[in-house]
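**Q** My structure is below; once you've seen it, I'll send some questions.
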Amino acid sequence: MQPQKLSELIDRTRQKIRLRHLSYSTEKTYLHWIARYAAFINALPDKSLESSAKVEAFLTRLAVADIVSASTQNQALSALLFLYREVLDVDLGNLNALRAKRGQRVPVVLTHPQAMQLINPMHGDYKLITQLLYGSGLRLMECLRLRAKDIDLDRLQITVRDGKGDKDRITILPASLTDPLRAKIAARRLSHKTDLAAGYGAVQLPDAIARKYKNAPHDFGWQFLFASPRLAVDPRDGKTKRHHILPTNVQRQIKHAAESIQFDKPISPHALRHSFATRLLETGVPIHQVKELMGHKSIETTQIYLHTIEQSGHTITSPLDT
């Protein structure tokens, strides 16, 4: 296999990914699996009749020899299906039959006192992020990708853009966070003015917005609320911008906070989202409303939280305000 030919295929795939407006994290993931697959078959993926068998052999290797999780196996399958269908124009048939079944797991859930015990000792942006994960039911990346314009302090609402499944939704904003968020927005506005004065101030935008509104990358409303302390070069266009805080930093802070108070449960950012849904159901919020706040596709996904719930009538109040 010639490295130059593989590089050309990777470049073609990258162009297709960006044409479809997939996220940069998806781009990196897909290109990683395509490179691993090419190394496994020791050839350049092409339109040969043996392609389906090669993909099946690769997935079998991942499952049997590498013992990867079901989600990792499915991730690799999605990448290869994209390669063959979108780039090579090859129909591999019903390879979805190879998609690994993920077992249903009971989520790790904190009680309200436990959640507050975790949150209260934290400081700065990390405390505010953690409060939003629990108080608004956000996924970690949804929180980190919040723009200044997505916060509505008057209506106590947060607009989640491009959530899972490429869907927008509105969720509740804890009343107790209005002052901290107002202060955060003011501080962020000031730091953005400093960036503009230094000749920077641009931010990564969805492709369609960037093309339609040429000045939008420098508008304050589009700036990430939880901005990184450092400027960085955007790998997609080579321009220096201010991105958001890295998710690994938040994960590390929550892990350290859990260890400091000696939690027995394995606490991740997603556990706070699980705790949000469970707390709402415990306080009597109808399950269909919780489904909408969580951005679930079906009610069956939300029903997993019912295992510890006894419902009684109640209006919707953020867990952070109870």
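The values are calculated or read from the model by the stated rules, or taken from the named source; none is laboratory data. Keep in mind the model is a prediction, meaning the values are calculated, not measured. Every residue, glycine as well, gets a Cβ built from its backbone with ideal geometry; the counts of neighbours run over all protein chains shown.
**Q** Give me the helices (runs of 4 or more DSSP H) completely within segment 157-262, filtered to those with at least 2 residues that are touching a strand residue (DSSP E or B) at 6+ places or on another chain (Cβ under 8 Å) and in contact (Cβ under 8 Å) with a residue 24 or more places away in the chain, ordered by residue number. Spell out how you get there, then give the answer.
**A** Values: elements: 178-197, 207-212, 247-260.
Those helices (runs of 4 or more DSSP H) span 178-197.
**Q** Sticking with this structure for a sec: Within segment 24-57, track down each residue that is basic (Lys, Arg) and either assigned to a helix (DSSP H, G or I) or under 22 Å from the mean Cα position of the chain (by Cα) (or both). Lay out the reasoning, then the answer.
**A** The first filter runs over segment 24-57 and keeps only residues basic (Lys, Arg), leaving 28, 36, 47, 54.
Selection gives LYS28, ARG36, LYS54.
**Q** With respect to GLU282, is the statement that it is surrounded by 11 or more Cβ atoms within 10 Å (Cβ to Cβ), without any contact (Cβ under 8 Å) to a residue 40 or more places away in the chain and either acidic (Asp, Glu) or not assigned by TED's automatic domain parsing to the domain that holds TYR126 (or both) true?
**A** yes
**Q** Quick one: which residue in LEU81, LEU59 is touching a residue at least 12 places away in the same chain (Cβ under 8 Å), under 24 Å from ASP166 (Cβ atoms), in contact with a helix residue (DSSP H, G or I) (Cβ under 8 Å, 6 or more places away or on another chain) and outside the structural domain of HIS270 (by TED's automatic domain parsing)?
**A** Just one listed residue meets the conditions, LEU81.
**Q** Out of ARG236, ARG252, ARG211, ARG230, report the one residue that is assigned by TED's automatic domain parsing to the domain that holds LEU181, within 18 Å of the chain's Cα centre (by Cα), over 21 Å from HIS112 (Cβ atoms) and of a type in the set (Lys, Arg).
**A** Testing whether each residue is assigned by TED's automatic domain parsing to the domain that holds LEU181, within 18 Å of the chain's Cα centre (by Cα), over 21 Å from HIS112 (Cβ atoms) and of a type in the set (Lys, Arg) leaves just ARG252.
**Q** Let me ask something additional. Looking only at segment 14-33, count how many residues are surrounded by 14 or more Cβ atoms within 10 Å (Cβ to Cβ), at pLDDT below 95 and in contact with a helix residue (DSSP H, G or I) (Cβ under 6 Å, 6 or more places away or on another chain).
**A** Of the residues in segment 14-33, 3 are surrounded by 14 or more Cβ atoms within 10 Å (Cβ to Cβ), at pLDDT below 95 and in contact with a helix residue (DSSP H, G or I) (Cβ under 6 Å, 6 or more places away or on another chain).
**Q** Right, next: Of these, LEU92, LEU128, which one is among the aliphatic types (A, V, I, L, M), at pLDDT below 95 and surrounded by 10 or more Cβ atoms within 10 Å (Cβ to Cβ)? Spell out how you get there, then give the answer.
**A** Numbers: LEU128 fails: at pLDDT below 95.
After applying the criteria, what remains is LEU92.
**Q** Please state which of the following conditions SER78 fails to meet, knowing it meets all the rest: (1) more than 24 Å from PRO206 (Cβ to Cβ); (2) under 25 Å from the mean Cα position of the chain (by Cα); (3) among the hydroxyl-bearing types (Ser, Thr, Tyr).
**A** The failed condition is (1).
**Q** I've got another one for you. Would you be able to tell me the number of residues in segment 190-219 that are aliphatic (A, V, I, L, M) and loosely packed, with under 15 Cβ neighbours inside 10 Å?
**A** Number satisfying all stated conditions: 6.
**Q** Say whether the condition of being touching a Phe, Trp or Tyr at 6+ places or on another chain (Cβ under 8 Å) and of a type in the set (A, V, I, L, M, F, W, C) is met by at least one residue in segment 150-172. Give the derivation first.
**A** Initial filter on segment 150-172 (touching a Phe, Trp or Tyr at 6+ places or on another chain (Cβ under 8 Å)): none.
No: segment 150-172 contains no residue that is touching a Phe, Trp or Tyr at 6+ places or on another chain (Cβ under 8 Å) and of a type in the set (A, V, I, L, M, F, W, C).
**Q** Scan ALA257, ALA232, ALA216, ALA227 and give me the residue that is aliphatic (A, V, I, L, M), in contact with a helix residue (DSSP H, G or I) (Cβ under 6 Å, 6 or more places away or on another chain) and closer than 22 Å to SER191 by Cβ.
**A** Residue meeting the stated conditions: ALA216.
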